[in-house]
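One structure is given here, and the rest of the page talks about it.
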Amino acid sequence: MKENKKEILSGSGALVRELGKLQGYATLIGVLIGSGIFVVIGTAGGMTGPSVPLSFLALYPVILSTAMAYMVFLSTPLGERPGGAYLHIQETFGKTYPAFMAVWFQWVAFMGALGVLSLSFGEYTTFFVKGANPVAVACGILLLFYVVNLVGVKYYGNVQTVMCFILLVSIVILVVPGLFHVKATNYRPLFPFGLKGFLASLAPLFMSYAGFEALAQAAGETKEARSTLPMVFFKGISLTVAIYVIMAFVAFGALPYGELARSKSAMADVAATYLPFGAAGVVALGALMAFTTSINATLMAPPRVLLVLAEDGVIPPLLSRVHPKFHTPHVALTISTLVALALILTKTLDYILAVTLQSIFILYIIHGIALISLPFVNKKLYDSALFRPGKLMIVSCGLFSVCCMIAFSYRMIIQTWQLILICAVVGTGVFIYGLARNFRGERVLKGAEKS
């Protein structure tokens, strides 16, 4: 009897829907407003000068058109399950290999991001706890959120919401007073490095928006996911863009772009000009919450990717197992956490990071092509979407997104093509092994034996 219960608690159907809109916004905003925003503003200033707020604004149509694919696909019946781009690409083309490779790169990107975020958190704590071991702290914070993600998606959502609220309050305290200290002279000249400098800032700043697709993995645990998640994507991304623009506006209005470009803690230096007694505490709290919300939300996503791949028979069925008490994909979560820990402990993050950045672009490109093809290749799925823009709008957004992703990534491909090729070969090997083992048939056979 117990064995039958375990068998039932396998696959995405065993997940429970305990996330609402609020947790959805906390997940999306928590991933997007990462710790990098407290530093990257100054770095971008060295490329384009004080026009960084316009750079963030110029990226709004890029990120929104890229998110359009998720908004449309998640409003179809596919939005009732996790899996995200894997299901979207597979159902559009009826082909498993390109869908698998897209999310294989995505999973690698998640692992790299988890390692980098955790290690960065560990290094950040050394400013407050002298002598702290960054690697030990990184492993500790990752294990902490492993427990949070393990004990139930409801706990994940509540913790994420509280941390995101503290993050937003910190940003308000940091930014609102700064609006009264903006100096118009700091914006002259607006484009000191010309159009070339402005365009050069777009690719690195776009990475501030990367990671939003993690929200799609919450589809199997979100109430009324088909109608909820598309609007969370649209409104959450719009709010994030507004926050980025205002933060950048205050930063370059309070300090000359030259000072910000030389700063290693841009927002802390900005806050010090008008919050002399509270700047360090406010910035520290905001940065800590930016780290933790990103780690928590990023750790939530990869186990759901593995779960759906296992459910579909591409990888061993063990990875589709859902905990009978907590209703979380505990096996896939454990493996994902162990991989991230191994990357931290073996100091191989530099190699993975190079692949991580390019993996995100590869995913967005393939997903964008699926969006363009959807109305023509799988009209039935397109017609089932609750959010269904016209074909012209879909094709236009898809083409615009794909072209931007190629433009942003072509230099990176040249620099990292060897690592990307190795990653692709390994992924192809995993896929071929899955075909040879026929995990789907193995799972069906085990199910028949148990019944």
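Only the coordinates and a few stated rules stand behind these numbers; no lab work does. None of these values were measured; they are calculated from a predicted model. Because the Cβ atoms are built from the backbone with ideal geometry, glycine has one as well, and the counts that use them run over all protein chains shown.
Let me know the volume per residue of the alpha-carbon convex hull for region 354-401, in Å³.
Taking only Cα atoms, region 354-401 has a hull volume of 74 Å³ per residue.
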How do the peptides 51-61, 389-399 rank, highest first, by the average count of neighbouring beta carbon atoms within 10 Å per residue? 51-61, 389-399
With the dipole of the chain defined by +1 on each Lys or Arg Cβ and -1 on each Asp or Glu Cβ, the option from Leu318, Met163, Gly30 whose Cα lies farthest towards the positive pole is Leu318
Rounded to the nearest whole number, the Stokes-Einstein translational diffusion coefficient of region 383-426 at 10 °C and 1.306 mPa s (Kirkwood radius, C-alpha pairs) in µm²/s is 123 µm²/s
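Ranked by Cβ crowding within 10 angstrom, fewest neighbours first, how are Tyr382, Tyr364, Tyr244 ordered? Write out the running numbers ahead of the final one.
Details: Tyr382 20, Tyr364 28, Tyr244 25.
Neighbour counts put them in this order, fewest first: Tyr382, Tyr244, Tyr364.
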Region 273-352, Cα convex hull volume normalised per residue, Å³: 150 Å³
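To the nearest 500 deg cm²/dmol, what mean residue ellipticity at 222 nm is calculated for the chain from DSSP H runs of n ≥ 4 alone, each contributing -39,500 (n - 2.57), summed and divided by the residues? Could you put the intermediate results ahead of the total?
Details: 19 runs with 330 residues, N = 451.
Computed mean residue ellipticity for the chain: -24500 deg cm²/dmol.
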Using the per-residue mean of other Cβ atoms lying within 10 Å as a proxy for protection, in what order, highest first, do the peptides 253-261, 81-89 fall? 81-89, 253-261
Mean separation of Cα contacts under 8 Å, 6 or more apart, over the residue count of the chain: relative contact order %: 34 percent
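May I ask for the percentage of alpha-carbon pairs in region 2-450 that lie more than 40 Å from each other? Write down the numbers at each step before the final one.
Details: 16369 of 100576 pairs.
Percent of Cα pairs beyond 40 Å in region 2-450: 16.
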Let me know the charge dipole size of the chain about its Cα centre in debye, to the nearest 20, where only the beta-carbon of Lys, Arg (+1) and Asp, Glu (-1) is charged. 400 debye
Once each part is reduced to its C-alpha centroid, what is the distance from region 366-404 to region 230-266 in angstrom? 30 Å
Would you mind checking the pairs Lys130/Lys347; Lys325/Lys347; Lys235/Lys379; Lys196/Lys347; Lys95/Lys380 and listing those with alpha carbons more than 25 angstrom apart? Lys325/Lys347; Lys235/Lys379; Lys196/Lys347
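Based on the alpha-carbon gyration tensor of region 1-132 and its eigenvalue square roots a ≥ b ≥ c, which shape applies: rounded if a/c is under 1.5, prolate if not and a/b is larger than b/c, or oblate?
Numbers: a/c = 2.27, a/b = 1.44, b/c = 1.57.
Because a/c hits 1.5 or more and a/b fails to exceed b/c, region 1-132 counts as oblate.
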